[in-house]
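Contents: one structure, followed by commentary.
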Number of protein chains: 2
Amino acid sequence: MNLFYAPGAVSHQHYSLPDSELHHLHVLRMSVGDEVKVFDGLGNLFLARIDALDKRQALIFVADVLQSGALNKPGLHLAIAPPKNIERFEWFAEKACEIGVDVITPIICKHSERKELRADRIEKVLLAACKQSLKYKIPTLRPITSFENFVQQPTQALKFIAWCADEQVHLKDVCTPRQDVLVLIGPEGDFDSAEVKQAIQNGFNTVTLGSSRLRLETAGIFVSCIFNLNNQ
Amino acid sequence: MNLFYAPGAVSHQHYSLPDSELHHLHVLRMSVGDEVKVFDGLGNLFLARIDALDKRQALIFVADVLQSGALNKPGLHLAIAPPKNIERFEWFAEKACEIGVDVITPIICKHSERKELRADRIEKVLLAACKQSLKYKIPTLRPITSFENFVQQPTQALKFIAWCADEQVHLKDVCTPRQDVLVLIGPEGDFDSAEVKQAIQNGFNTVTLGSSRLRLETAGIFVSCIFNLNNQ
């Protein structure tokens, strides 16, 4: 059964699907009376029926809750400096979403070449990845922020900074299961040593991702894999 | 110091760099007497000096061995059905190379939409990824082959088939460290049940990659991560 995005949908209610989904309904030649699955992006999945459909709107009746948003699941927050080539960041967002990430914060570091980001493009990628991988909770994309501001924000999560230096402890050995985790990943050219110092002062622990030299988008995916494997 | 590819280079020898690398030398405005690092793609890294350079050739003198190909390291062999969209396979090849893979065999399965592959394109991606991630051994890309022929080939590796079915054991729990591992990854639409049966008859064990529904290229990268983490 086809899956549609219905932000703000609440069980047992009449609901008008957003325009992007309306187009999708027409492409699939669906009609009144057809059953569809809809998700609200917060982890909830519903069974619904198309009640009215024309070129301008699609009304559905939300008949049943198929799955409720899982509460108290540990979450992964990746704060990552977007690369110069934005396609690499889109690819990271798609893969991290498939494997599992809860919050993504793009950060601007001293060595960052990219200092802005079109959030709507990344949000589109995240929504498509959720539909494809049947994840009903869309990762939150936070506004791009400076490294300095970001590391000072309070959080209950375990805090790590992935840094390309020798003799670090490996993330896999300290990323405890059933705990919220926040990992900082630096730009091409890595973090500046003053940034690493500042992170440590704010309670971050330095970690390595092993002996392979990974591109930053690969590092982000690798961290998602470690978190996924630790919480299977 | 810049890194160049010198297939067949042997220590203490005069050597002519391939044309692709000649172009690279000119772009970097290098000249006679400059020192360069060269690798042979088999795991060996050498220190060399440019002895002669013009538009048609670059002669180097290989002065020293900096690193010898690691022997007896466990290897990961991924046999994977290439997706319809070849860019997704190129991404997979790049990322698997960064994270760690030794052999890639593209396979043709019953549900495969893609039945051919331009090996030269993938080899180019693998070489670029090796240079970027400072890996001196280029993964071997084997010729595309049918699933049926492939699963009958003898190997000393632990053999797994990743299959989207419930109640499988997770690859991470059976992918023993310090062992060669071979993992089969199916096409969009997964393996046919007859293929799974045939794999089992040939000594493969079915495994899951967890509860997330992964695209096939993501599954390939995920397996590389598991192998990497198990052999840190």
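The values are calculated or read from the model by the stated rules, or taken from the named source; none is laboratory data. All figures in this text were calculated on a predicted structure; none of them were measured in a lab. Because the Cβ atoms are built from the backbone with ideal geometry, glycine has one as well, and the counts that use them run over all protein chains shown. Ligands, DNA and RNA are stripped out before the accessible areas are found, and what is left, the full protein with its side chains, is counted by its heavy atoms. Shrake-Rupley method; radii C 1.70, N 1.55, O 1.52, S 1.80 Å.
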Alpha-carbon Rg/Rh ratio, for the stretch A:1-136, with Rh computed the Kirkwood way: 1.05
Label distances, nm, A:Val169 versus same residue in remaining copies, Cβ-directed 7 Å point: 3.1
Rel. contact order, % - alpha carbon contacts under 8 angstrom, at least six apart, the stretch A:3-67: 39
Label 7 Å beyond Cα on the Cβ vector: B:Lys73 copy-to-copy distances, nm: 3.5
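Assuming R0 = 51 Å, what is the FRET efficiency of B:Met1 and A:His23, from their Cβ-Cβ distance, to the nearest 0.05?
0.45
Taking every DSSP beta bridge with both residues inside the protein assembly as shown, roughly what % is antiparallel (nearest 5)?
Numbers: 34 of 88 bridges.
Rounded to the nearest five, the antiparallel share is 40 percent.
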Area accessible to solvent at A:Val10, 1.4 Å probe radius, in Å²: 80
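Once fully extended, how much extra length lies between B:Thr176 and B:Lys197, figured as 0.36 nm per residue of separation less the alpha-carbon to alpha-carbon distance?
So the chain would gain 5.2 nm between B:Thr176 and B:Lys197.
Taking the square root of 5 times each eigenvalue of the Cα gyration tensor, what semi-axes in Å does the equivalent ellipsoid of chain A have, largest first? Kindly include the intermediate steps, with their values, before the conclusion.
Details: eigenvalues 292, 65, 39 Å².
For chain A, the ellipsoid semi-axes come out as 38, 18, 14 Å.
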Distance violations [Cα-Cα > 29 Å] among A:Lys84/B:Lys135; A:Lys95/A:Lys172; A:Lys172/B:Lys115: A:Lys172/B:Lys115
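Give me the inter-chain shielding for B:203-213: mean count of other chain Cβ atoms within 10 Å, whole number please. Before the final figure, lay out each step's value.
Values: counts 0, 0, 0, 0, 0, 1, 4, 7, 4, 10, 5.
The mean count of partner-chain Cβ atoms within 10 Å per residue comes to 3.
Hey, what number do you get for chain A at 222 nm if only DSSP H runs of n ≥ 4 count, each worth -39500 (n - 2.57), divided across all residues, to the nearest 500? All intermediate terms of the calculation are to be shown ahead of the outcome.
Working: 7 runs with 71 residues, N = 232.
Result for chain A: -9000 deg cm²/dmol, rounded to the nearest 500.
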Three principal axis lengths of the stretch A:1-73 [C-alpha, angstrom, descending]: 41, 20, 19
Amide H contacts of B:Ser146 (H built 1.01 Å from N, under 5 Å, at least 5 apart or other chain): B:Ile108
Exposed-site-free run, longest, chain A (rule: trypsin sites (Lys or Arg not before Pro); DSSP loop; at most 12 other C-beta within 10 Å): A:119-177
Value of relative contact order over chain A, rounded to a whole percent, pairs C-alpha under 8 Å and six or more apart: 20
Long-range HN-HN contacts of A:Asn2 with modeled amide H, under 5 Å: A:Lys37
Inter-copy separations for B:Asn205, label at 7 Å along Cα-Cβ, nm, ascending: 3.1
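Let me know the volume per residue of the alpha-carbon convex hull for the protein assembly as shown, in Å³. Could the numbers behind the result be given before it?
Values: hull volume 80.3 nm³, N = 464.
Per-residue hull volume (Cα only) is 173 Å³.
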Reachable aspartates and glutamates from B:Lys159, criterion Cα separation under 12 angstrom, eight or more residues apart if same chain: B:Asp180
Radius 14 Å from Cβ of A:Leu3, net charge of other residues (Lys, Arg +1; Asp, Glu -1): +1
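Provide the net charge surrounding A:Phe61, with neighbours chosen by a C-beta distance below 14 Å and charges set as Lys +1, Arg +1, Asp -1, Glu -1.
Value of the local net charge: -2.
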Chain A, rotation onto B, residue closest to that axis via Cβ, with its distance in Å: A:Cys225, 2
Between helix A:216-230 and chain A: long-axis angle, C-alpha atoms, 0 to 90°, nearest 10: 80
Orphan Cys of chain A, criterion: no other Cys C-beta under 4.7 Å: A:Cys97, A:Cys109, A:Cys130, A:Cys164, A:Cys175
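Filter the GluC sites (Glu not before Pro) in the stretch B:129-209 to those in DSSP coil with at most 11 other Cβ atoms within 10 Å of their Cβ, and list the result.
Working: sites: B:Glu148, B:Glu167, B:Glu188, B:Glu195; in loops: B:Glu167, B:Glu188.
For GluC sites (Glu not before Pro) across the stretch B:129-209 that sit outside H, G, I, E and B with at most 11 neighbouring Cβ atoms in 10 Å, the list reads B:Glu167.
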Fraction of antiparallel bridges per DSSP, the stretch B:3-67 only, in percent to nearest 5: 85
Distance between modelled label sites at B:Thr155 and A:Arg49, nm, 7 Å Cα→Cβ extension: 5.1
